[in-house]
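Here is the structure we will look at, set down as structure tokens.
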Amino acid sequence: MQSIHELYALLKQKGFRFTAPKRELLDIFLANQDRMLSVSDVFHLLPENSGIDNATVYRNMQKFSELGVLESMVDDRGVSRYTLQEKEHHHYLICTQCGRIIRFPCTTHYWNSFAEGADFTETMHKLEVYGICASCKKAALEHS
Ligand SMILES: [Zn+2]
Ligand SMILES: [Zn+2]
């Protein structure tokens, strides 16, 4: 979890200039750290009459990603989703129904021996596991 102070300190250190829309967007990510948000999710979470349009949301999310503030992924439907970048490297369980994410630590690099065997030098890796979260499972049961 990121605190607002840490986040703002990081952005200042990177020479970032704060504007009202940027603060508004960061607040949404801070309040939704357990979800991966698409541009349209963020747009819908903005207060009405925020004056922030879709293009501004998109542009700022790209910018935040470049700065390493947001981490992005493409979901199983090909939609880009974003969440605040964590300090520690970790992996995700992602609910395909509600977009909730559950972070889990990276422990065994079981592919190391394969990479070595192929004389392959790893520069980064990602692991995303898709499925249905507990509350979506519960909701589905209640509706059946
Ligand atoms: Zn869910
Ligand atoms: Zn890992």
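The values are calculated or read from the model by the stated rules, or taken from the named source; none is laboratory data. A quick note: this is a predicted structure, and the numbers were derived from the prediction, not measured. Positions of Cβ are generated from backbone atoms using ideal geometry, with glycine treated the same way; all protein chains shown enter the neighbour counts.
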- line: The condition of being in the same structural domain as Val42 (by TED's automatic domain parsing) and within 13 Å of ligand 2 (Cβ to nearest atom) holds, among Glu71, Glu128, Glu66, only for Glu71
- line: Going through (1) over 24 Å from Arg103 (Cα atoms); (2) in contact with a helix residue (DSSP H, G or I) (Cβ under 9 Å, 6 or more places away or on another chain) one by one, Lys63 fails only at (1)
- line: Per the list (1) surrounded by 14 or more Cβ atoms within 10 Å (Cβ to Cβ); (2) within 16 Å of ligand 1 (Cβ to nearest atom); (3) at negative phi, residue check on Val57 breaks on (2)
- request: State which residue is nearest to ligand 1 (Cβ to nearest atom) when the search covers only the range 115-137 and only residues that are surrounded by 10 or more Cβ atoms within 10 Å (Cβ to Cβ) and assigned to a helix (DSSP H, G or I).
  value: Cys136
